[in-house]
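The structure appears right after this line, and notes come after that.
The values are calculated or read from the model by the stated rules, or taken from the named source; none is laboratory data. This structure is a prediction, so every number in the text was calculated from the model and none was measured. Don't worry about glycine lacking a Cβ; one is built from the backbone with ideal geometry, like all the others, and counts go over all protein chains shown. Each accessible area value is taken on the protein alone, full model and side chains, heavy atoms only, with ligands, DNA and RNA left out. Shrake-Rupley method; radii C 1.70, N 1.55, O 1.52, S 1.80 Å.
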Amino acid sequence: MRLGIVLLFWVFALNIYAQTPVDSAITLQEVMVLGNFEKQFLPGNDIIIPKATTLQFYHSDNISEVLRQQSSIHIKEYGNGMLSTIAFRGTNASQTTVLWNNFNINSFTLGQMDFSLLPTQAVDEITIIPGSGSSAGGSGAFGGSVLLQNQVDFNAAPSITISQQVGSFGQYSTSLNAEGSIRKLGFDTRLYWGKSDNDFEILSTGEHQNNAYFERKGINQSLGYQINKNSSLKAALWYNDNFREIQPPIGIKRNTNNQEDKNFRSTLNYQYSGNRSKLSLGTGFFQDEMVYRLDQATSYFKVNRIESFADYNYHLSDHHQIKFSARHNAIKAENESYNGGGAEEQRYSLGLQLKGRLFRNELEYALHIRQQMVQDVNIPVSPYIGLSVPLIEQNNYKLRLKANTSYNYRLPTLNDRFWNNAGNPELNAETGWNKEVGISSEHYLQNVKLNISVTAFHNLVDNWIQWTPDAQGTFRPRNIKEVLARGVEASINFNTPIAEVLHFKTNLQYSYSKSTVEQSERNANEIGTQLIYTPLHKANGDFTLQWRSFSLQAFQQWTGKVYTTNTNSEIYALDAFFLTDAALAWEKRSWRFSGRVNNVFNTDYRVYAGYAMPGINYQLSIQYQLNFNK
């Protein structure tokens, strides 16, 4: 069956190629910027790239703040600056993939990413891809993927930017960014340090939060060398060192409960572009260490990985291209809680992607097929079909239809498979069948621009892994659930000049995510109930008013009620809440000054049951940029 699917792809590709003159030459653009081009093969998906003003607004915060404001993503936080996990389109935290420079950086022990360990100031670009069609970087992208990028531009003039922020609760943040190019060498250097006493007032009790201090420091260094106009080499290193006290629930006093995380990531990429082809080779070494302390007890783990990939992209004709991909991941984990004190695993994957345009170049399509291989794990073939077609194209109005469907999987985590006296090496991979369709429009009237987008999605996940007690009361992972996530996402972008020197921009988003248990072996009472910590409704908006050198920004979010129990008890549900952050900035030549107010209306709210979040707080920022001639 799997061989038959691959042969079908080859027949389709050769049929297209046979219609192309063999002497047809296609000149690709010379390599100027080293970046991630996975998103080019997803015509049926929405792709969200947060605006530079949003990255600037949340410069000293975690990436989670950007994701929360620019998409339907719901962030679950165990307190301010604490563990932050993601819920994307009604899926859980392990079902979203995070890539950096085309490498998966999710935790391989838990299978998820703690977004409190990812500062915004460490990366150059953030891309959000909803839907499981974004699974090319690895398993688990049922909800979607988050792509982080540090690009190297060989044409940019050198510059140095220094930023300093101070804020409430003893917050300090300092960063330096040097980027640009000198002859054939391109560079992007990012240094950062930040800390917070985090002793905010708990609005419901009047007490000050204890044991919530956090501090982080790190460097993200990218160097690129342009060998010639067709080829380039890039090396990147990202080291992040994070210490935090673990914020206790309201009313609990703790003195010794903290966690240290050290993440070392290094990559080497080579890229070549010919007349009809493009070759990309990459390899990287990754190390994640964590030490957790509670009173006299200490827990430690370390995971070392070597991941390599090869992508070959070939243009069959002016309008059709094919891509072959291979990836290998060698994993070695040290964890005293694993059988034998550790685990080792080899993961391999092969992929084939076809993309092009049909019917006078009006219909854009993409076909993917991917197979991953891991010993003792049953993994299905993962296909993807995506389409994008214009319905109306006029000078001042465009209407486009997008659709895609894909079959995806998520591998059991190392904890699921190797935990001492509990893990199950024979667990099946979770599987998900995703379908989505969307329509988008663009309206232009003189200097006014309006974009509207609506997308409906349907995702059925089978073999959902959950830790449940056995007959002896020991918790073990089992494939016991079937979950259906479906909903609608809508967005409106509006951009208009109000006067000669006054400009207004806004971005509004709403999502409806109904994610229910359809089958359950262990608890029939949860069938038909909404998944815990998954809001049914979520809305957010940002507004920018620009006047000469001044800008006024406001970011607002409304999160609906969430349930905290599998039976959807109203007693323990968390109330809906509305938050507003606002900032006033002045920018002139090389200087930028800004003042920001978070939680403007001093709302008392909870993101996770029992954990306090801060009320109104303030931040001042100053930034200086020094530019050099190339």
What pairs from K278/K323; K278/K355; K253/K561; K195/K262; K398/K449 go past 20 Å between their alpha carbons? K253/K561
Please state the shape class of the chain: rounded when a/c is under 1.5, otherwise prolate if a/b exceeds b/c and oblate if not, all from the C-alpha gyration tensor. rounded
Say a paramagnetic label sat at a point 7 Å from the Cα of L445, along Cα to Cβ; which residues of segment 468-511 have their backbone N under 20 Å from it? 491-508
quick shape note, segment 143-212: Cα extents on principal axes in Å, largest first -> 60, 35, 16
Residues in segment 254-295 that a label on E334 would reach, taking backbone N under 18 Å of a point 7 Å out along Cα→Cβ: 260-265, 285-293
Projected area, mean over directions - segment 80-212, Cα convex hull, nm²: 10.7 nm²
Taking 0.36 nm per residue of separation and subtracting the Cα-Cα distance, what length does fully extending Q625 through I385 add? 81.9 nm
Tell me, in nm to one decimal, what length is gained between R276 and I252 on full extension, where the rule is 0.36 nm per residue of separation less the Cα-Cα distance? 2.3 nm
Considering only protein heavy atoms, what per residue accessible area in square angstrom results for segment 219-372 with a 1.4 angstrom probe? 44 Å²
Going 7 Å from the Cα of H319 toward and past its Cβ, which residues in segment 338-362 have a backbone nitrogen under 12 Å from where you end up? 356-362
For A609 and T496, what is the calculated FRET efficiency with R₀ set at 51 Å and r taken between the beta-carbons, to the nearest 0.05? 0.75
Using only the alpha carbons, work out the radius of gyration and Dmax of segment 491-586 in angstrom. 19.7, 65
Calculated FRET efficiency for the pair N210/E260, C-beta based, R₀ 25 Å, to 0.05: 0.85
Accessible carbon and sulfur surface of the chain relative to its total accessible area, %, 1.4 Å: 56 percent
Could you rank V488, V98 by how accessible they are, 1.4 Å probe, largest area first? V488, V98
With the dipole of the chain worked out from charges on the C-beta (+1 for Lys and Arg, -1 for Asp and Glu) around the Cα centre, which of I465, Y444, T455 lies farthest toward the positive end? Y444
Quick check on segment 313-433: what are the equivalent-ellipsoid semi-axes from the Cα gyration tensor, as sqrt(5λ), descending, whole Å? 42, 16, 11
Count neighbours as other Cβ atoms within 10 Å of each site's Cβ, and list the GluC sites (Glu not before Pro) in segment 510-581 that are DSSP loop with at most 14 such neighbours. E521, E570
Test item: Cα-centred dipole of segment 569-612, Lys/Arg +1 and Asp/Glu -1 on Cβ, debye: 480 debye
Report, in whole Å, the centroid distance computed from the Cα atoms of segment 506-534 and segment 461-491. 11 Å
Provide the per residue accessible area, probe 1.4 Å, for segment 535-612, rounded to a whole number of square angstrom. 50 Å²
Toward the positive end of the charge dipole of segment 299-405, about the Cα centre and with charges on Cβ (Lys, Arg +1; Asp, Glu -1), which of Y338, P380, L316 goes farthest? L316
Evaluate the charge dipole of segment 516-630 about its Cα centre and quote only its size in Debye, nearest 20, assuming +1 on the Cβ of each Lys and Arg and -1 on the Cβ of each Asp and Glu. 880 debye
Restricting to DSSP loop positions (anything but H, G, I, E, B) with no more than 14 other Cβ atoms inside 10 Å of their own Cβ, which GluC sites (Glu not before Pro) remain in segment 336-393? E336, E362
Difference of contour (0.36 nm per residue) and Cα-Cα distance, I49 to V291: 83.7 nm
